[in-house]
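Only one structure is covered here, and it is reproduced in the block below.
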Amino acid sequence: MLDKNTIVGVIGSGAMGAGIAQVAVMAGHKVVLYDNNAAALDKAKGNLILTLQKLQEKGKINDAAAITARMNFAAELSGLAECQLVIEAIVEKLEIKKAVFAEVEKLVAPDCVLASNTSSLSITSIAAACTKADRVLGLHFFNPAPLMALVEVIPAVQTAPELVPAAKQLMQQWGKVPVIAKDTPGFIVNRVARPFYGEAIRIYEEGIADMATIDWAMTEIGGFKMGPFTLMDYIGHDVNYVVTETVFQSFFYDPRYKPSFSQKRLLEAGWLGRKSGRGFYNYAADATMPESNKDTVLGYRIVERILVMLINEAVEALHLNIASAEDLELAMTKGVNYPKGLLHWCDEWTADKCLAILDSLYHEYHEDRYRASALLRKKGTERERFFPAQ
Ligand SMILES: NC(=O)c1ccc[n+]([C@@H]2O[C@H](COP(=O)([O-])OP(=O)(O)OC[C@H]3O[C@@H](n4cnc5c(N)ncnc54)[C@H](O)[C@@H]3O)[C@@H](O)[C@H]2O)c1
């Protein structure tokens, strides 16, 4: 169904589309990259050629010219007519994506697989724009696509069952780590990771600790590569806040995913983070970064609170069959580089300890936000693990 000879089309030559095209062409496919913006396509072309040259200079590849020769750039959608797999990575707007899917379906063969790289939209509603909705699925890559191993494979309600293992196998051939996620808001990573940001902001808003101290605790004690505020500034509040708001709305306003005013105000101010020179932190050349308060008792309290919220999210996702336990672990370690899978972390801390921390937050605040997953309660009460002890 999908193999090395599959001609791959990519729609949208922005950050994600250009990266996905690079991954596919380096995996041996003939690739057609299309964008309706000529300048964006030109930029992607220049960058791709340069990237392949650099990879050759570094000795990572030795056939840059041959790879470049497999790469085609199309200024019209009709350039995708020969493709057997088309991956869409355009602007995150449902109506625009639906129109593009309906249009591309008319051009390609009836067995051409159509995939969306959407971060937050329902694959099922995108598929509904197609006559043959059973050929549509989600292939969610992470940024930058050539470097991040994870791909979430998301079957829509309508997707032909045999397409899922075929897509998974193709992603493995591309050197990726595919996981299967249910078509629910945020899929795996963008759902389970919400408390990393939300609970950190909540701790800051309550004045329990400042941003620098929370970042210090999560990196030095928690072992995360970046603290939540540094990471949000890095991702950009136009992206990170919007994902939080979309997930919150898509979950019928579940308070667990409630966005914060602190982050919304940054967005309103145009303080988007690193890219605009200011976000939670000030990145001006003459600005000094705030010092953290290296109080380990406070640090452990911060890590404990954010981590049990993350663990609870992962356990709830398992409870609701969003993904298998193994795929949940792969998603968080390969998609956002967490130092450990959250279910393993729960086993290490023990489910009854995690449950006790969460219940004490629930009793303190009386907020639904801190409700424990029924599965965490069961595991905690029965003192069970998610994975056998090593
Ligand atoms: N940036 C990320 O971190 C990230 C990660 C995973 C998934 N995604 C998803 O990938 C998609 C693309 O994101 P991005 O960050 O690459 O965006 P981007 O803005 O960098 O690129 C989008 C590209 O699509 C083109 N485009 C827009 N409408 C088009 C149309 N109708 N036809 C053809 N081309 C069109 C634009 O000209 C632009 O070049 C979105 O659905 C986003 O949610 C983004």
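Which of (1) under 19 Å from the mean Cα position of the chain (by Cα); (2) assigned to a helix (DSSP H, G or I); (3) not basic (Lys, Arg) is the odd one out, the single condition residue 224 does not satisfy?
(2)
If a residue counts only when it is at pLDDT 95 or above and within 19 Å of residue 40 (Cβ to Cβ), which strands (runs of 3 or more DSSP E) contained entirely in region 53-168 have at least 3 such residues?
Because the criterion is at least 3 residues that are at pLDDT 95 or above and within 19 Å of residue 40 (Cβ to Cβ), the strands (runs of 3 or more DSSP E) in region 53-168 that meet it are 71-74, 85-88.
Those residues that are acidic (Asp, Glu) and either within 25 Å of residue 278 (Cα to Cα) or touching a Leu at 6+ places or on another chain (Cβ under 6 Å) (or both), I need them from region 290-304; list them, please.
Correct list: 291 only.
Are there any pairs with C-beta distances below 6 angstrom linking a residue in region 323-339 that is part of a loop (DSSP other than H, G, I, E, B) to a residue that is surrounded by fewer than 20 Cβ atoms within 10 Å (Cβ to Cβ), with the two at least 6 apart or on different chains, and if so which?
As it stands, the answer is 337/225; 339/223, since those pairs meet every condition given.
Would you check if there is a residue in region 18-37 being at pLDDT below 95, under 22 Å from the mean Cα position of the chain (by Cα) and within 10 Å of the ligand (Cβ to nearest atom)?
Looking for residues that are at pLDDT below 95, under 22 Å from the mean Cα position of the chain (by Cα) and within 10 Å of the ligand (Cβ to nearest atom), one finds none in region 18-37, hence no.
Could you run through region 198-221 and say how many residues are under 19 Å from residue 258 (Cα atoms), free of Cβ contacts under 8 Å to residues at least 60 places away in the same chain and either assigned to a helix (DSSP H, G or I) or touching a strand residue (DSSP E or B) at 6+ places or on another chain (Cβ under 9 Å) (or both)?
3
Please give the number of the condition residue 369 fails out of (1) in a helix (DSSP H, G or I); (2) in contact with a strand residue (DSSP E or B) (Cβ under 6 Å, 6 or more places away or on another chain); (3) within 27 Å of residue 206 (Cβ to Cβ).
Against the list (1) in a helix (DSSP H, G or I); (2) in contact with a strand residue (DSSP E or B) (Cβ under 6 Å, 6 or more places away or on another chain); (3) within 27 Å of residue 206 (Cβ to Cβ), residue 369 comes up short only on (2).
Within region 1-11, is there a residue that is acidic (Asp, Glu), surrounded by 18 or more Cβ atoms within 10 Å (Cβ to Cβ) and not in a helix (DSSP H, G or I)?
No: zero hits.
Could you list all residues from region 56-105 that are away from the ligand (no atom under 16 Å from the Cβ) and farther than 28 Å from residue 1 by Cβ?
56, 57, 58, 59, 60, 62, 64, 65
The values are calculated or read from the model by the stated rules, or taken from the named source; none is laboratory data. Predicted model only: the values in this text are computed from it and were never measured. Neighbour counts are summed over all protein chains in view; Cβ atoms, including those assigned to glycine, are modelled from backbone coordinates with ideal geometry.
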